[in-house]
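What follows is a short report on a single structure.
The values are calculated or read from the model by the stated rules, or taken from the named source; none is laboratory data. Worth saying up front: this structure is predicted, and the values here are computed from it rather than measured. So basically every Cβ, Gly included, is an ideal-geometry build from the backbone, and we count neighbours across all protein chains shown.
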Amino acid sequence: MSLMSNEAVQPYQRIVQDVRDKIRSGLWTAGTKLPSTRELAEEYGVAAGTVQRALTELRTAGLIYSHQGRGSFITDTATETNEDSTARALRALEEQVADLSARLEKIEKGRGG
């Protein structure tokens, strides 16, 4: 097996990444129904088994849940963790801005600003 095929992203991983991106971007929210296995297989040009593997991965990650005969849906927690990380990032940025503002104020006072 060559290095290239080893490093290449598996087709099922591409689907997993895509679903993660759709959740992260807010395109798919809690309760959103995923396309059927057949639709996903057609969309990505892969076998149904590949889609199944991706769905299993997403279920294990807690991003989707499946109902026999009804399909797969985005979990509540998938979008919650997304918001949490965004809120955390914003808080960190706010702290940095406050810190920089305080430093700038000190510098300007020192100069008799």
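Determine which member of the set GLU95, GLU43, GLU83 is of a type in the set (Asp, Glu) and modelled with pLDDT of 90 or more. Outline the logic, then answer.
On the way: GLU95 fails: modelled with pLDDT of 90 or more; GLU83 fails: modelled with pLDDT of 90 or more.
From the options GLU95, GLU43, GLU83, the qualifying one is GLU43.
Looking at the structure I just gave you, is THR79 in contact with a strand residue (DSSP E or B) (Cβ under 8 Å, 6 or more places away or on another chain), touching a residue at least 12 places away in the same chain (Cβ under 8 Å) and among the polar types (S, T, N, Q)?
Details: in contact with a strand residue (DSSP E or B) (Cβ under 8 Å, 6 or more places away or on another chain): no; touching a residue at least 12 places away in the same chain (Cβ under 8 Å): yes; among the polar types (S, T, N, Q): yes.
No; evaluated as a whole, the condition is false for this residue.
How many residues does the range 15-32 contain that are part of a helix (DSSP H, G or I) and out of contact with any strand residue (DSSP E or B) (no Cβ under 8 Å at 6 or more places or on another chain)? Break it down into steps so the answer makes sense when it comes.
Applying the first criterion (part of a helix (DSSP H, G or I)) to the range 15-32 yields 15-24.
Okay, now just the ones that are also out of contact with any strand residue (DSSP E or B) (no Cβ under 8 Å at 6 or more places or on another chain), so 15-18, 20-22, 24.
The total comes to 8.
Out of (1) in a helix (DSSP H, G or I); (2) modelled with pLDDT under 95, what's the single condition that is false for ALA54?
(2)
Among the numbered conditions (1) under 23 Å from the mean Cα position of the chain (by Cα); (2) in a helix (DSSP H, G or I); (3) at pLDDT below 95, tell me where SER66 comes up short.
Unmet condition: (2).
Among (1) under 17 Å from ASP18 (Cα atoms); (2) in contact with a Gly (Cβ under 8 Å, 6 or more places away or on another chain), there is one condition ASP76 misses while meeting the rest; what is its number?
(1)
Would you point out the residue of the range 33-72, among those that are among the polar types (S, T, N, Q), surrounded by fewer than 16 Cβ atoms within 10 Å (Cβ to Cβ) and in contact with a strand residue (DSSP E or B) (Cβ under 7 Å, 6 or more places away or on another chain), that is nearest to VAL9 (Cα to Cα)? First the steps, then the outcome.
Restricting attention to the range 33-72, the residues satisfying the condition of being among the polar types (S, T, N, Q) are 36-37, 50, 52, 56, 60, 66, 68, 72.
Then keep just the ones that are surrounded by fewer than 16 Cβ atoms within 10 Å (Cβ to Cβ); that gives 36, 52, 56, 60, 66, 68.
Add one more test, that the residue is in contact with a strand residue (DSSP E or B) (Cβ under 7 Å, 6 or more places away or on another chain), and what stays is 36, 66.
Numbers: SER36: 22, SER66: 25 Å.
Ranking the candidates gives SER36 first.
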